[in-house]
Amino acid sequence: IISLFYTGIFESIKVFIYIGIVLLLRRYKKFQQQHGNYKMLSRGIYRMTVSAAVSSLGGWLIFLFLFAYHCYEWTTGTRAISFTYYALILRFLVAFNNMIMPWVMLVTFKSVR
């Protein structure tokens with residue numbers, strides 16, 4: 001349960017970092033509009049921020065599954081699903097988490113292709 005708490009904090013911090021990147025980019029826009037490279041720079045930063053947010057989707061899914069499972073178990077005192085299905089769902093979510101990063105990189109960045 002303690003690791004679930006730390007995972008939730010870590011995933012929340014990542015979301016705040018993504019929001020901070022976008023807000024700092026808007027602030028940077030005011031200073032760099034007189035230069036011609038802002039459009040290319042902002043497109044790259046937005047693309048990288050979106051790809052990082054999509055890549056962290058797997059961690060969020062694992063966190064939400066574990067949170068829902070443990071909350072149900074804590075409130076009702078019974079298991080929501082058997083251990084076999086629990087392990088199967090958790091393995092699927094971990095595989096999705098490991099698989100999503102390379103695909104996001106392939107779709108987002110031309111130099112990786």
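The values are calculated or read from the model by the stated rules, or taken from the named source; none is laboratory data. Bear in mind the structure is a predicted one, so any value in this text is a computation, not a measurement. Note: ideal-geometry Cβ built from the backbone for every residue, glycine included; neighbour counts use all protein chains shown.
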**Asked** Among Ile21, Ile17, Ile13, which is farther than 20 Å from Leu93 by Cβ, assigned to a helix (DSSP H, G or I), at pLDDT below 80 and among the β-branched types (Val, Ile, Thr)?
**Response** Ile21
**Request:** Kindly check whether there is at least one residue in segment 94-103 that is more than 18 Å from Glu11 (Cα to Cα) and surrounded by 13 or more Cβ atoms within 10 Å (Cβ to Cβ).
**Result:** no
**Scope segment 53-90; condition outside any loop (DSSP other than H, G, I, E, B), surrounded by 14 or more Cβ atoms within 10 Å (Cβ to Cβ) and of a type in the set (S, T, N, Q); matching residues** = Ser55
**Request:** Return yes or no: is Thr49 under 21 Å from Val22 (Cα atoms), surrounded by 13 or more Cβ atoms within 10 Å (Cβ to Cβ) and touching a residue at least 60 places away in the same chain (Cβ under 8 Å)?
**Result:** no
